[in-house]
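In what follows, a single structure is set out as structure tokens and then discussed.
The values are calculated or read from the model by the stated rules, or taken from the named source; none is laboratory data. Everything numeric here is computed off the predicted structure, so don't read it as measured data. Neighbour counts are summed over all protein chains in view; Cβ atoms, including those assigned to glycine, are modelled from backbone coordinates with ideal geometry.
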Amino acid sequence: MLDFTEYTKIFIALLAIVNPIGAIPIVIALTADASEEEFKRTTRITVISVLVILLAALLTGEFILKFFGISVNSFRVAGGILLLLMALSMLHARQSAITYSKEEASNGGRESTAVIPISMPLLAGPGAISTIILSTHKSHEPLHYMFMVLEILILVGVLWLAFLAIPWISRHTNQIRINIFSRVMGLILAAIAVEFIANGIKGLFPVLA
């Protein structure tokens, strides 16, 4: 089991990647013509989908790595590069094409939009999934898995609160404030990404340690 600081870092990384506040403008745009009932249903499906995706990554991620013969250190470097690219987009107050593209927004159906692209890849995309897999691999104790599940539940709770606040945020918050928040989270994410890459390189090339 890891110490409290490590679990705090994992949660902050996941919060920065999922970035509920930064995703709000896109969620508003994709649900602009929805009724109040449709909006509630879309957000409910989104939250459940994100929870299922992240729990699936937690429970099956290591098996997938073994199945494809991928070492954890290689995945660490790849995941770190992916997070760094996302962080750079956030620092420029842009939505990364890794997590979202306009083409994906055109997949029809309100329920379908809740899953693609809002749940995946906008919120629970490659960055969040790779972070879950790498963090889960740090320990094999049952208590560690319990703490990881707890972190995912707290993260989904924060996401749910952000969605509940969308009507208020759309009235009182402008794009500049959202961009400032995204840049701050991007800077934190960039630092975590560099640490992922450095640890992965050390694992691949022990002589550098």
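Of the candidates GLU38, GLU111, the single residue that is out of contact with any strand residue (DSSP E or B) (no Cβ under 6 Å at 6 or more places or on another chain) and modelled with pLDDT of 80 or more is GLU38. Is it the case that some residue within the stretch 80-93 is modelled with pLDDT of 80 or more and touching a Phe, Trp or Tyr at 6+ places or on another chain (Cβ under 6 Å)? Yes; the residues of the stretch 80-93 include at least one that is modelled with pLDDT of 80 or more and touching a Phe, Trp or Tyr at 6+ places or on another chain (Cβ under 6 Å).
Select from the stretch 69-85 the residues that are in contact (Cβ under 8 Å) with a residue 12 or more places away in the chain and hydrophobic (A, V, I, L, M, F, W, C) and list them in ascending order. Of everything in the stretch 69-85, those that are in contact (Cβ under 8 Å) with a residue 12 or more places away in the chain and hydrophobic (A, V, I, L, M, F, W, C) turn out to be VAL72, PHE75, VAL77, ALA78, ILE81, LEU82, LEU83, LEU84, LEU85. In the stretch 48-57 there is no residue that is in contact (Cβ under 8 Å) with a residue 24 or more places away in the chain and on the phi > 0 side of the Ramachandran plot. Within the stretch 1-47, restricting attention to residues that are outside any helix (DSSP H, G or I), closer than 25 Å to TYR145 by Cα and in contact (Cβ under 8 Å) with a residue 40 or more places away in the chain, the residue that is farthest from the chain's Cα centre (by Cα) is MET1.
Restricting VAL158, VAL194, VAL149 to residues that are modelled with pLDDT of 85 or more, within 13 Å of the chain's Cα centre (by Cα), over 13 Å from PHE75 (Cα atoms) and hydrophobic (A, V, I, L, M, F, W, C) narrows the list to VAL158. If a residue counts only when it is free of Cβ contacts under 8 Å to residues at least 40 places away in the same chain and among the hydrophobic types (A, V, I, L, M, F, W, C), which helices (runs of 4 or more DSSP H) contained entirely in the stretch 116-209 have at least 1 such residues? Answer list for the stretch 116-209: 142-164, 166-172, 175-204.
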